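The values are calculated or read from the model by the stated rules, or taken from the named source; none is laboratory data. This is a predicted model, so every value here is computed, not measured. All Cβ positions, glycine included, derive from the backbone under ideal geometry; neighbour counts span all protein chains shown.
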Amino acid sequence: MNTVDYYQMLRLSAPEAIVTVTMLVVLAADLTVLRGKSLAARFNFGALLSVLGCASAACLALHRHVEANLCDGMLVVNPSVDFIKVALLALTIFTVLISTPAKFTEHVGEYLSLVLLGTIALLFLVSAEDLLMIFLALEFASLSLYILTAFNKRNSKSAEAALKYLLFGGMSAAFLLFGFSLLYGMAGSTNLGDIAKAIAGKGLDPLLIAALVMTVIGFGFKVAAVPFHLWAPDAYEGAPTPSAAFIGSGSKVASFFILAKILTLAFAGTEGSAVWHGYVAGWTPVIAIIAALSMVIGNLTAIVQSSVKRLLAYSAIAHAGYMLLGVLGNTPPSHTALMFYVITYGATTIGAFGVVFLVEQATGSDALHNFKGLSKRAPGLALCLMIFLLSLGGIPPLAGFTGKFFLFSAAVLAEKDLGLLWLVILAIAMSAVSFYYYLRVLKAAYVEDAAEDAPAIRVPLLSFLALALLALLVILLGCAPGLLTQYL
Amino acid sequence: MLAWTIYITFIGVLVLMLLPRDNARAARIVALLTAIIGCAIAFVGSIQQVQQVDPGQVTTIVKVPWIPAIGANYYLAADGISLMLVVLTGLAAIAGILFSWNIEKRTKEFFAFYLALIGGVYGVFLSFDVLLLFVFYELTIIPKYFLIARWGSTRKEYGAMKLALYSFVGSHLVLIGLIAAWVVAKGQLGQPTLNLMDLAQVHFSTGFQHWVFPLVFVGFAILAGMWPFHTWAPTGHVAAPTAGSMLLAGVVMKLGAYGCLRVAMVMFPEGAREWQWAIAALAVIGIIYGAGVALVQRDFKFVIGYSSVSHMGFVLLGLATLNTIGLDGAVLQMFSHGIIAGLLFAVVGRMVYDRTHTRDFNDLETMQLGKLLPFAGVTFVIAGIASMGLPGFSGFIAELQVLMGAWTVFPKMTILAGVGILIGVAYTLRAVQKGFYSDAPPVAHGDQAHDHPLEPITVAERFGAVMLIGASLVIGIFPGLLMNWIEPCFKSPLFARLLGGGAQ
């Protein structure tokens, strides 16, 4: 065992340390100074602190240009990982900002600190190239998410959702751990690179197949891909909306980053092929099947939803399918496309949930009919919603379209003779389907008139500014994707 | 300069969004001004370009790198065909606003969506980067949807959703083809490109063109109303508000036809040659079917809706000929139909329906509209004559060229298309007779709405009608004005491969 340089470790994990300190400060401030203040004041002040902390951590991560690999892959720092961290921190900032109008809890400090704790876990997760560290960070993040899901104690649905999420999550952890232990057994190391070396040239022996399948199942739960998606609609619907936004954005970015890393690093050499009529066993066919199922089932099920949060959940499943195409491509452009897509998707999802949250707070539920006449009741909010949903639907020139174009073209380019075109055709066909259900929500907002007794929708300034900023970002990244891709 | 048609229109959208909500008058004036400035830029810019360079040459307007990683440029350019369609868009935009002067419900939003649609259309016609073209193409879907769903009539939500889904499915077919072509082109050229001029020089293998061409062509042709994918058109046109149907028929269907010609046929000439017969057959079916169905409609607007399908069939037939004269005719027919269909929809939607609140021939027959609204009656007769293709109007010269072009390639189908023209005469005369000059005795309407006199035709409507009739007449009498823009285009290298080995 090599000795650990603790100073070096602290220096390399400075962003995480800053967020940790912020988390403690937020908790302490809420318990001391802010005690007795109004809920809104506590939320705004706590959010301000969290934003400051995350922003300074992000600045630090963006401006240090370090390459380091500590403890054999336990903590890997390089500019591209750092940029993913910046993206995660930005997503957390927006999540915190849209949760400021929340009324579902009085435990402001705990809520915010759990969001920050989840963020810390995700930051460690993307830095890890070691099975043990990956597992620990992933479970750490999941634990925060379970609690965040259950945070609305006045709503039994929230508890139910959290229980479901916990049970499924626990199962996925078991699968993941089993897969990892098999890998360790074969390679004698938990480092991803060493594992690749150890299994290189041995071909697909049954043990490796078992390890691969277990790992994919474990991550399939985390990213909510079919057939491991069953928790997602209930969790999204029951969870307090900002928590759902966090599950759908930050956690997704990190999970996809690490899934791609494990598959491309640890399972290097066992790719196989998912080419039409050119099937070779390996991990790409497995991912291809999951991707196809997610796109089809996610999109088709979303059509019939009447709860907007459930609709977004199924759309998230469908998007996970598109993103798996990026994992599947397994080339540098395809990895860039994947990260571009996941990050812009995360931003868009936070925005969409932010709008849903405001409507939900004003009208009491996220049912589709509560969005009727939104363009008249809250024009700015309706415009933001339109931009987010159209981006999710893949309408140019928004980020969702540009991301899809990157993702699909990179996937087709990845195999010679247009080998993956079949999957891309399926994805494009399904994205045409998805347009229908996004348009249904927009139809309610823009075409239909509100009921006479529809309550007014109050739009707090802070969260509206955050939403407007997100909407601008979605447009900007759609028109000028180079701003983001240069870092990826 | 021409790029400003796009910018000014979107600036108009922004200005409209910033206007106070209930000031309908200001919204109308802003919209009209924007459209007039856009049209003026289109006119002046086009004439300048034609004077300075050969109209057949693709002249770059703007070209800056956009997404270098995939070879996308912000590349606006124009040749004679683009110029003609840009001018058409300018005219149609003004006319549409004049005929929707009476929109009172959420006027500002109406015109904002309207101008957004126009801006997207300008963009498509000026884009020579296929991704950019695609972006503008999809940009038009959303405003179309809201214009119809919000301000339309008869089953508007159904019509709007149908139109949006058809457009979206079509554009996704195109997207598949573009991605595949991009990958193949990258393999051949060694670097990614989305520039249409470069892609037109790439030699795609015959096997590849065999399946990609129909994908991209049909994707665009859905919007051009090609049978059997035309069903969005009648319902969409009928459901749309007057300005909406004017734009749908006037310019949006042209987007589809333009995409077929500019992207599908130019990029995959061998595919075009291979599928020539199929396209021609579908086009002729469209011509006859559209005309036949128009003949038996009871709803006035459905007559015009199906007539659009029939007339767009001529555009597709002209494209299918793959010879210069047929293509000339097809392109001119785009202009001609854009003007005439706009006028027909204006008469039916604005002059008649907004006043009588019915489009049912059984009701209209009893109203003697020819006497009550003489201006509407006369306008419709003139528009009908133009639509039938009588000499002197733009439709004649366009359809004649299409038929001449088609005759050399597929004579039998040409005869069938000629039959379609005859049916066209029949349904137009029937519409004129039933709509305006019926013999049916007036029914005494005790308590009905149209007992009180109909609102007279407004100045705005007169202006719009005269403008459109004038445009059709000018081109009908001096076809050379536009033919000088169109003809040279087909001599340019862009079309060399398409016309080179074809049936000339």
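Structure notes:
- Lone unmet requirement of (1) touching a strand residue (DSSP E or B) at 6+ places or on another chain (Cβ under 9 Å); (2) farther than 15 Å from B:Leu133 by Cβ for B:Ile67: (2)
- Hits in segment B:270-291 (condition: under 26 Å from B:Arg430 (Cα atoms) and either of a type in the set (Gly, Ala, Ser) or surrounded by 24 or more Cβ atoms within 10 Å (Cβ to Cβ) (or both)): B:Ala283, B:Val284, B:Gly286, B:Ile287, B:Gly290, B:Ala291
- Screening A:Asn330 with (1) within 11 Å of chain B (Cβ to nearest Cβ); (2) within 27 Å of A:Lys261 (Cβ to Cβ); (3) touching an Asp or Glu at 6+ places or on another chain (Cβ under 9 Å) gives one miss only, at (1).
- Condition check for A:Glu160: in contact (Cβ under 8 Å) with a residue 12 or more places away in the chain and either over 16 Å from the mean Cα position of the chain (by Cα) or farther than 30 Å from A:Asp194 by Cα (or both): yes
- Residues in segment A:410-423 that are touching a Leu at 6+ places or on another chain (Cβ under 7 Å) and within 7 Å of chain B (Cβ to nearest Cβ): A:Val412 alone.
- Among the residues of segment B:170-195, those that are in contact with a helix residue (DSSP H, G or I) (Cβ under 9 Å, 6 or more places away or on another chain), more than 9 Å from chain A (Cβ to nearest Cβ), more than 18 Å from A:Lys404 (Cα to Cα) and of a type outside the set (S, T, N, Q) comprise B:Ala185, B:Leu189.
- Cβ pairs under 6 Å, 6+ apart, first in segment A:120-132 and within 18 Å of A:Gly193 (Cα to Cα), second assigned to a strand (DSSP E or B) and of a type in the set (Val, Ile, Thr): A:Ser127/A:Val76; A:Glu129/A:Val76
- Residue among B:Gln48, B:Gln57 that is assigned to a helix (DSSP H, G or I) and among the polar types (S, T, N, Q): B:Gln48
- Failed criterion for B:Lys105 (all others in (1) in contact with a Phe, Trp or Tyr (Cβ under 9 Å, 6 or more places away or on another chain); (2) assigned to a helix (DSSP H, G or I); (3) within 14 Å of another protein chain (Cβ to nearest Cβ) hold): (2)
- Hits in segment B:57-91 (condition: in contact with a Lys or Arg (Cβ under 9 Å, 6 or more places away or on another chain), closer than 19 Å to B:Ile8 by Cα and more than 14 Å from chain A (Cβ to nearest Cβ)): B:Tyr75, B:Leu76, B:Ala77, B:Ser82, B:Leu85, B:Leu88, B:Thr89
- Only listed residue being more than 9 Å from every other protein chain (Cβ to nearest Cβ) and either closer than 18 Å to A:Met430 by Cα or assigned to a helix (DSSP H, G or I) (or both), chosen from A:Thr348, A:Thr402: A:Thr348
- Scanning segment A:360-389 for residues being surrounded by fewer than 24 Cβ atoms within 10 Å (Cβ to Cβ) and within 9 Å of another protein chain (Cβ to nearest Cβ) gives a total of 4.
Conditions tested, residue by residue: (1) modelled with pLDDT of 90 or more; (2) β-branched (Val, Ile, Thr); (3) more than 22 Å from B:Leu403 (Cβ to Cβ); (4) surrounded by fewer than 24 Cβ atoms within 10 Å (Cβ to Cβ).
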{"residue": "B:Ser245", "(1), (2), (3), (4)": "no, no, yes, no"}
{"residue": "B:Gly250", "(1), (2), (3), (4)": "no, no, yes, no"}
{"residue": "B:Gly259", "(1), (2), (3), (4)": "yes, no, yes, no"}
{"residue": "B:Val293", "(1), (2), (3), (4)": "yes, yes, no, yes"}
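- Taking the criterion of being buried (at least 24 other Cβ atoms within 10 Å of the Cβ) and assigned to a loop (DSSP other than H, G, I, E, B), the residues of segment B:223-234 that qualify are B:Leu223, B:Ala224, B:Gly225, B:Met226, B:His230.
- Picking from residues in segment B:356-377 that are under 22 Å from B:Ile469 (Cα atoms) and buried (at least 21 other Cβ atoms within 10 Å of the Cβ), the one that is modelled with the lowest pLDDT is B:Leu369.
- Answer from A:Ala47, A:Ala40, A:Ala87, A:Ala57 - the residue that is at pLDDT below 90, in a helix (DSSP H, G or I) and of a type in the set (Gly, Ala, Ser): A:Ala40
- Looking only at segment A:52-109, residues that are charged (D, E, K, R) and crowded, with 18+ Cβ neighbours inside 10 Å come to 2 in all.
- Hits in segment B:147-156 (condition: assigned to a helix (DSSP H, G or I) and either in contact with a Leu (Cβ under 8 Å, 6 or more places away or on another chain) or more than 7 Å from chain A (Cβ to nearest Cβ) (or both)): B:Leu147, B:Ile148, B:Trp151, B:Lys156
- Scanning segment A:18-37 for residues that are exposed (fewer than 15 other Cβ atoms within 10 Å of the Cβ) and at pLDDT 90 or above yields A:Val21, A:Leu24, A:Ala28.
- Note on segment A:390-399: residues that are out of contact with any Leu (no Cβ under 7 Å at 6 or more places or on another chain), more than 7 Å from chain B (Cβ to nearest Cβ) and among the hydrophobic types (A, V, I, L, M, F, W, C) amount to 1.
Per-residue answers, yes or no, for (1) at the interface with another protein chain (Cβ under 9 Å from one of its Cβ atoms); (2) farther than 20 Å from A:Thr363 by Cβ; (3) in contact with a helix residue (DSSP H, G or I) (Cβ under 8 Å, 6 or more places away or on another chain); (4) not acidic (Asp, Glu):
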{"residue": "A:Tyr436", "(1), (2), (3), (4)": "yes, yes, yes, yes"}
{"residue": "A:Val441", "(1), (2), (3), (4)": "no, no, yes, yes"}
{"residue": "A:Ala450", "(1), (2), (3), (4)": "no, no, yes, yes"}
{"residue": "A:Ala454", "(1), (2), (3), (4)": "no, no, yes, yes"}
{"residue": "A:Ile457", "(1), (2), (3), (4)": "no, no, yes, yes"}
{"residue": "A:Leu470", "(1), (2), (3), (4)": "no, yes, yes, yes"}
{"residue": "A:Leu473", "(1), (2), (3), (4)": "no, yes, yes, yes"}
{"residue": "A:Gly482", "(1), (2), (3), (4)": "yes, yes, yes, yes"}
{"residue": "A:Tyr487", "(1), (2), (3), (4)": "no, yes, yes, yes"}
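- Residue pairs meeting the criteria (Cβ under 9 Å; at least 6 apart or on separate chains; first outside any helix (DSSP H, G or I), in segment A:292-303; second of a type in the set (A, V, I, L, M)): A:Ile303/A:Leu311; A:Ile303/A:Val433
- Among the candidates A:Phe104, A:Phe151, residue that is touching a His at 6+ places or on another chain (Cβ under 9 Å) and under 28 Å from A:Leu31 (Cα atoms): A:Phe151
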